[in-house]
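In what follows, a structure is listed as structure tokens, so that the remarks can point back to it.
Readers should treat all values here as calculations from the given coordinates under stated rules, not as data from a laboratory. Since the structure is predicted, the reported quantities are computational estimates derived from the model, not experimental observations. Every residue, glycine among them, receives a Cβ derived from its backbone with ideal geometry; neighbour counts consider all protein chains shown.
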Amino acid sequence: MKNKIDYSSDWNLDPAPESTGHIKLKTKYNLFIGGKWVKPKSGKYFATINPATEHKIADVAEAGQADVDAAVKAAKTAYDTVWSKLSGKERGKYIYRIARLIQEKAREFSVIESLDSGKVIRESRDIDIPLAAAHFFYYAGWADKLEYAFPNRQPKSLGVAAQITPWNFPMLMIAWKIAPALAAGNTVVLKPAETTSLTALKLAEVIQEAGLPDGVVNIVTGYGKTGAMMVEHKDVDKVAFTGSTGVGKIIMKSIAGTNKKSTMELGGKAANIIFEDAPLDQAVEGIINGIYFNQGHVCCAGSRLFVQESVYDVVLRKLKDRMESLYVGDPMDKNTDIGAINSKKQLDVINDYIKIGKAEGADIYQPKCKIPKKGFWCKPTLFTNVAQSNRIAQEEIFGPVLAIQTFRTVDEVITKANNTPYGLSAGVWTDKGSKVFNLTSQLKAGVVWANTYNKFDPTSPFGGYKESGHGREGGLHGLEPYLKFD
Amino acid sequence: MSRIEVLKTYKIYIGGKFPRTESGRYYQPEANGKVLGNICLSSRKDLRNAVVAARSAQGGWVVKSAYNRSQILYRIAEILEGRRTQFIEELIQQGSKKAQAEKEVNLSIDRLIYFAGWCDKYTQIFSSVNPVASSHFNFSVPEPTGVVAILAPEESGLLGLISQIAPTIAGGNTCVVLASENKPLCSVTLAEVLSTSDVPGGVINILTGNRKELILHFATHMDVNALIYCGDNSTEIKSIHEAAVDNLKRVMIRDGGGYVSDKYESPYLIYSLQETKTTWHPIEKIGAAGSVY
């Protein structure tokens with residue numbers, strides 16, 4: 001095709017940076033235990049950096065065994081003496097307060113989130129933070145209505161919940177964890193991912209401001225070994241984890257034979273399926289959103305694209321054209337589509353997979369876009385000529401890398417889509433309603449998006465089949481993992 | 001001269017067929033000082049064959065209408081009712097008192113009727129339309145977990161067995177069961193009931209044998225989606241939890257006995273073997289600003 005716009009030279013937008021002057025950040029953060037900021041008994045701190053600039057933002061405490069013990073003790077005391085005695089209605093009012101305070105400080109949270117994680121401000125401002133507030137607001141209302149959610153079951157709280165959240169949607173995943181736990185009447189020790197601690201620590205300030213009783217929510221920062229100490233603690237009654245399937249299995253092994261209840265939100269390798277009768281332009285937008293949203297750091301990312309053979313050429317052309325128009329760069333710029341990769345470590349993982357894809361004989365395509373010199377970046381990438389057995393079609397990459405395969409028949413694509421140990425999500429694009437329901441009922445996945453992708457809502461249960469984990473977060477279903485029944 | 005009684009060869013039940021164990025082995029459980037029979041001592045290979053049968057049957061079972069599944073469960077109860085005497089005799093042979101045996105058989109039949117009734121109802125109880133903030137139609141429904149392995153209650157050879165199988169298949173799962181080791185007779189007869197009750201071959205597979213030998217093979221099998229363990233041996237419970245991690249099987253711990261209790265009549269037993277699937281679809285808003293894709 002001639003006369004196409006060359007986005008890398010003809011389409012330069014002026015910078016539109018979000019201001020950062022209004023945010024309040026400390027240079028050093030301690031642990032939030034028992035309603036107070038306490039220095040880590042471990043004496044250790046680690047730096048959290050901005051992945052787009054590699055500049056240090058703040059030092060964050062690394063909790064050791066004594067710190068975890070103190071946090072669990074604070075949570076248990078708060079559970080025994082205050083929180084379990086409070087009426088559901090009063091619990092709910094505290095959670096409503098937290099929701100409102102997050103709304104009031106939404107822009108500050110968004111800016112901090114983008115600085116600390118590398119995600120684009122457009123997404124943290126319009127998706128992550130508003131949804132986090134909405135989650136608290138939704139679950140606040142459940143606190144005094146639990147018996148209606150589980151008729152004839154006499155729901156009761158569990159006790160202390162140890163919660164470990166990932167770095168891809170730091171604040172949102174914290175909301176998914178804390179809101180239902182508190183509504184169900186539990187107290188919490190939460191550890192955010194080590195590369196993205198700041199919004200969790202900001203939330204601790206909000207929790208203080210909300211006047212939540214001391215120890216009901218404790219936030220300890222640190223690496224995986226801090227998380228392991230939490231999981232293995234004898235006074236923990238519930239473990240909730242979002243992260244990789246590999247780590248999820250380690251956690252499940254370590255709690256085997258105990259009475260700890262668990263929720264596991266693990267990996268995925270979702271199929272996004274485009275039929276020849278789909279509205280192709282919308283489908284292409286859906287593919288882009290499915291895999292390049294949040295730099296592809298999404299457990300439910302549509303990382304396997306299945307295109308019906310008859311429309312393969314046109315879909316591929318439209319997809320490549322659309323990729324040319326994506327802006328990769330400063331996450332704080334309101335025009336940016338793809339921000340920074342969260343960490344050097346993750347960038348190495350993604351680059352390894354790109355090498356593997358090439359070595360396996362798949363064909364790579366990346367747009368011409370420029371990427372900044374400093375920071376961690378990966379161009380949006382797609383592979384064609386991919387075999388079902390290729391590692392890039394089997395394993396979760398957790399980056400902006402799409403593996404494209406083709407199909408002819410409905411049965412064939414269902415078999416291919418389900419041929420994975422994962423079962424978190426799937427996408428279907430077709431204009432025919434009966435085909436939508438055939439697919440959505442046969443795909444083995446916890447969330448199926450038909451003619452849309454990567455949509456989230458507090459009322460909508462999220463979670464996987466098979467090795468993508470167990471338990472649901474969101475909706476009425478999301479309360480159950482935080483309750484026990486007669 | 002009195003008639004020579006014809007003795008029964010006890011078999012296992014895989015894919016709707018009645019083979020002896022491929023291993024050729026047997027064991028001789030006793031009750032009241034008498035040997036109950038030469039019971040198949042199933043092997044790991046039998047288990048694998050049974051899982052293959054259960055997996056093959058899964059697709060056909062889940063797409064049967066709920067109404068049809070309901071009628072099939074009801075049919076099992078009908079056929080079981082017709083063979084009440086045989087089950088009562090077997091229970092007595094295994095050590096039950098007559099009144100106790102009659103009660104167990106009656107409850108077993110009634111429990112099947114109970115779960116037959118749930119087949120076309122639990123979906124409504126456990127489904128939801130979710131009021132999302134964006135312009136999408138969003139709903140959640142339960143779907144069967146898949147292939148369920150059941151280590152059946154040791155102390156309740158018929159009622160306990162049925163109390164685990166009924167909610168499992170009512171929810172669209174297929175299953176592989178290891179029957180009570182010391183009270184296996186009713187499980188073999190139940191297989192004969194199942195094969196004449198319109199239950200498609202492979203939906204329920206029943207093995208007899210040694211729990212200690214097979215327990216870890218049940219827990220580690222990579223094509224089993226969920227595992228029900230009936231009993232209270234904490235060492236066994238810990239080891240199956242650990243072994244189940246490899247493919248993140250859902251593990252349920254249930255009682256080894258006490259199935260007379262009506263807590264075993266609950267739709268939550270069906271629900272515990274379901275996955276929640278949530279589906280999104282855009283709603284077109286004619287005349288509204290913007291697009292929701």
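What number results when the radius of gyration of chain B, computed over Cα atoms, is divided by 2.2 N^0.38 Å?
Details: Rg = 21.0 Å, N = 293, 2.2 N^0.38 = 19.0 Å.
In units of the globular-protein estimate, chain B measures up at 1.10.
Here the Karplus relation 6.51 cos²θ - 1.76 cosθ + 1.60, evaluated at θ = phi - 60°, turns the backbone of the range A:341-356 into coupling constants of 5, 4, 7, 4, 4, 5, 4, 4, 4, 5, 4, 4, 5, 5, 4, 4 Hz, with x for every Gly and Pro.
Taking every pair of alpha-carbon atoms in the range A:204-344, give the share separated by more than 17 Å as a whole percent.
Working: 7176 of 9870 pairs.
For the range A:204-344, the fraction of Cα-Cα distances above 17 Å is 73 percent.
Amide H contacts for residue B:204 (H built 1.01 Å from N in the peptide plane; partners 5 or more residues away or on another chain; cut-off under 5 Å): B:175.
For the range B:48-170, the relative contact order comes to 31 percent (Cα pairs under 8 Å, sequence separation of at least 6).
The loop-placed trypsin sites (Lys or Arg not before Pro) in the range A:347-432, going by DSSP, that have at most 16 neighbouring Cβ atoms within 10 Å of their Cβ come out as A:368, A:370, A:373, A:374, A:408, A:432.
Once you have a ≥ b ≥ c as the square roots of the Cα gyration tensor eigenvalues for the range B:152-221, tell me rounded if a/c is under 1.5, and otherwise prolate or oblate according to whether a/b is larger than b/c.
Working: a/c = 1.71, a/b = 1.27, b/c = 1.35.
Note, shape of the range B:152-221 comes out oblate.
What you get for the range A:271-450, charging only the Cβ of Lys and Arg (+1) and of Asp and Glu (-1), is a dipole of about 540 debye around the Cα centre.
Here residue B:238 and residue A:344 are evaluated by their C-beta separation; at R0 = 51 Å the FRET efficiency comes out at 0.85. Helix B:84-93 axis versus longest C-alpha principal axis of chain B: approximately 60°, rounded to the nearest ten.
Under 5 Å between amide hydrogens, built in the peptide plane, is the criterion, and for residue B:227 it picks out B:149, B:250, B:251, B:252 among residues at least 5 positions away or on other chains.
For the range B:116-130, backbone phi angles converted through the Karplus equation (6.51, -1.76, 1.60; θ = phi - 60°) give residue-by-residue couplings of 4, x, 7, 3, 9, 10, 5, 4, 5, 5, 9, 9, 8, 9, 9 Hz, Gly and Pro being listed as x. Exposure proxy shown here: for B:96, A:460, the number of other Cβ atoms within 10 Å sets the order, fewest to most, as B:96, A:460.
Between the beta carbons of residue A:27 and residue A:438, assuming R0 = 56 Å, the FRET efficiency works out to 0.50 to the nearest 0.05. Under the combined filter of DSSP loop state and at most 11 neighbouring Cβ atoms within 10 Å, the range B:1-64 retains these GluC sites (Glu not before Pro): B:5.
Our summary of shape: the Cα atoms of the protein assembly as shown have principal axis extents of 108, 66, 50 Å, ordered from largest down, in whole angstrom. Taking amide H as placed 1.01 Å from N in the peptide plane, residue A:431 has its amide H under 5 Å from the amide H of A:277, A:278, each at least 5 places away in sequence or on another chain.
In whole angstrom, how long is each semi-axis of the equivalent ellipsoid of the range B:1-126, when you take the square root of 5 times every eigenvalue of its Cα gyration tensor and sort them from largest down? Numbers along the way, then the final one.
Working: eigenvalues 192, 110, 32 Å².
They are 31, 23, 13 Å, listed largest first.
Please state the charge dipole magnitude for chain A, taken about the Cα centre, from unit charges on C-beta atoms (+1 on K and R, -1 on D and E), reported in debye and rounded to the nearest 20. Before the final figure, lay out each step's value.
Details: 62 positive and 53 negative charges, 213 e Å.
Rounded to the nearest 20 debye, it is 1020 debye.
What ³J(HN,Hα) values, in whole Hz, does the Karplus curve 6.51 cos²θ - 1.76 cosθ + 1.60 give for the range B:47-53 when θ = phi - 60°, with x put for Gly and Pro? Once θ is set to phi - 60°, the couplings for the range B:47-53 become 4, 4, 4, 5, 5, 4, 5 Hz. Across the cross-link table entries A:455/B:263; A:345/A:455; A:466/B:212; A:156/B:103; B:34/B:212; A:4/A:119, which are compared at the Cα atoms, the separations over 32 Å belong to A:455/B:263; A:156/B:103. Inter-chain Cβ neighbour count for B:131-141, averaged per residue, equals 5 (cutoff 10 Å, partner chain atoms only). How many angstrom lie between the Cα centre of the range B:135-189 and the Cα centre of the range A:299-331? Rounded to whole Å, the Cα centres lie 44 Å apart.
Pairs of alpha-carbon atoms within less than 8 angstrom and 6+ residues apart define the contacts here; what relative contact order does chain B have, in percent? So the answer I get is 24 percent. The Cα atoms of the range A:128-177 cover 38, 23, 12 Å along the three principal axes, with the biggest extent listed first. Radius of gyration (Cα atoms) of the range A:271-450, expressed as a multiple of 2.2 N^0.38 Å: 0.99. Counting neighbouring Cβ atoms within 10 Å and putting the fewest first, the residues A:242, A:187 line up as A:242, A:187.
When a footprinting reagent is the concern and you count Cβ atoms within 10 Å, what order do A:100, B:211 take, fewest first?
On the way: A:100 16, B:211 19.
The most exposed by this proxy come first: A:100, B:211.
Let me have the relative contact order for the range B:205-279, percent, based on Cα pairs under 8 Å that are six or more residues apart.
Values: 55 pairs, mean separation 22.3, N = 75.
Worked out over the range B:205-279, it gives 30 percent.
For the range A:377-486, which chymotrypsin sites (Phe, Trp or Tyr not before Pro) are both in a DSSP coil and crowded by at most 12 other Cβ atoms within 10 Å? Of the chymotrypsin sites (Phe, Trp or Tyr not before Pro), the ones in loops of the range A:377-486 whose Cβ has at most 12 other Cβ atoms within 10 Å are A:485.
Our note on the geometry: Cα centres of the range A:133-156 and the range B:49-83, 36 Å apart.
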